[in-house]
Amino acid sequence: MTTTSPVAPDSDSRATAPADSDADSEPSSTAWTRKHLLGLEELSRDEIIAILDTAESFAEVSDRSRKKVPALQGRIVFNLFFENSTRTRTSFSLAAKRLSADTQDFTASVSSLSKGETFIDTAKNIEAMGADVMVVRHPTPGAPHLLAQHVSSSIINAGDGAHEHPTQGLLDLMTIRQAKGRIEGLTVGLVGDIAHSRVARSNIQGLLKLGAKVVVCGPPTLVPRGMERLGCEVAYRLEDVLPRCDVVNVLRIHFERQQGGLFPSVGEYSQFYMMTQDRVRMAKPDLLLLAPGPINRGVELTPEVADGVNSAILQQVKNGLAVRMAVLYLLSGKMDARP
């Protein structure tokens, strides 16, 4: 499939995906038609591949001396974050700027929400200021989906409670595909707090659609019942699954979302589930280790493992910028559409 590169300096193309670079996949012939990115659950395999391929074409922009392309010149991107964030918020802001969009950050704690204004009214007022895209992080599952029903701006889900975090799932997929050359046929372990992790849900959706085998592993109190119905294997002992895994994604313990003690102590959790050098040696020599961040050294993984040769944690952060550029770029052709 011949296309115009989205990163060409004089390019004004809007929603054309580059040719598929996945060796196990046919080139995607599905044009991007969505106005919003609300989750990976609703995306097809071809749509996920289209985002990954577009992200690959943007990856080299960060290595240029001039790190800007004019794809979103004249567009306005608002970051509406109702939860704290470092990587996602900064990454979306920088991605929009590198696409030449105007950006504005919204801080809930100093907004009219404190005076009783509703979430929807706040968004409608921001839309009235000319917002083309709203990047939304909210503690309530489904909040971005609700917003998409009430405003004409494009909505990107930057994490909704424990539901989904689609761009994190996409950047994890991109990192795996770069390191392994494929996703289909790999065994990927998701280890830790599965029950409260939006990252786990997006990873599961994306990995299964691209043909990977997914194993979820953690204490029984942190692994929801019925995971097998999603197509996942369930394990409770890390040592049982490590030798089979090509990739391990170490998830953070979400203490802020838990109700009551779900395991005796942090020390006991670390004893059974922390990735240590000894556990890495149980795995394949080319094990790829991911962690969505923020990482808790000494709880989910040791410093030596976090900084070791198997770790791709900083590559994930770098790929997050390319993925978010790709998502903004692909949505840009649909921003003027009405619901």
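The values are calculated or read from the model by the stated rules, or taken from the named source; none is laboratory data. The structure displayed is predicted, hence computed values, not measured ones. Every residue, glycine as well, gets a Cβ built from its backbone with ideal geometry; the counts of neighbours run over all protein chains shown. Surface areas here come from the heavy atoms of the whole protein model, side chains and all, with no ligands, DNA or RNA. Shrake-Rupley method; radii C 1.70, N 1.55, O 1.52, S 1.80 Å.
Assorted remarks:
- Screening the candidates 121, 105, 53 for the property of being more than 29 Å from residue 195 (Cα to Cα) and not in a helix (DSSP H, G or I) yields one hit, 105.
- Restricted to helices (runs of 4 or more DSSP H) entirely inside region 190-290, those with at least 3 residues that are at pLDDT 95 or above and closer than 21 Å to residue 167 by Cβ are 198-209.
- Residues located in region 292-309, provided they are out of contact with any Phe, Trp or Tyr (no Cβ under 8 Å at 6 or more places or on another chain), surrounded by 19 or more Cβ atoms within 10 Å (Cβ to Cβ) and under 19 Å from residue 197 (Cβ atoms): 292, 301, 306
- Neighbours by Cβ (under 9 Å, 6+ apart or cross-chain): first from region 93-109, under 17 Å from residue 59 (Cβ atoms) and modelled with pLDDT of 95 or more; second in a strand (DSSP E or B) and open to solvent by less than 30 Å² (accessible area, probe 1.4 Å): 95/77; 96/77; 96/79; 96/133; 96/135; 97/77; 99/77
- In region 140-186, the residues that are under 19 Å from residue 331 (Cα atoms), β-branched (Val, Ile, Thr) and touching a Gly at 6+ places or on another chain (Cβ under 8 Å): 167
- Condition met for residue 167 (of a type outside the set (A, V, I, L, M, F, W, C) and not in a loop (DSSP other than H, G, I, E, B)): yes
- Residue within region 168-189 that is among the aliphatic types (A, V, I, L, M), within 28 Å of residue 60 (Cα to Cα), in contact with a Cys (Cβ under 8 Å, 6 or more places away or on another chain) and in contact (Cβ under 8 Å) with a residue 12 or more places away in the chain present: yes
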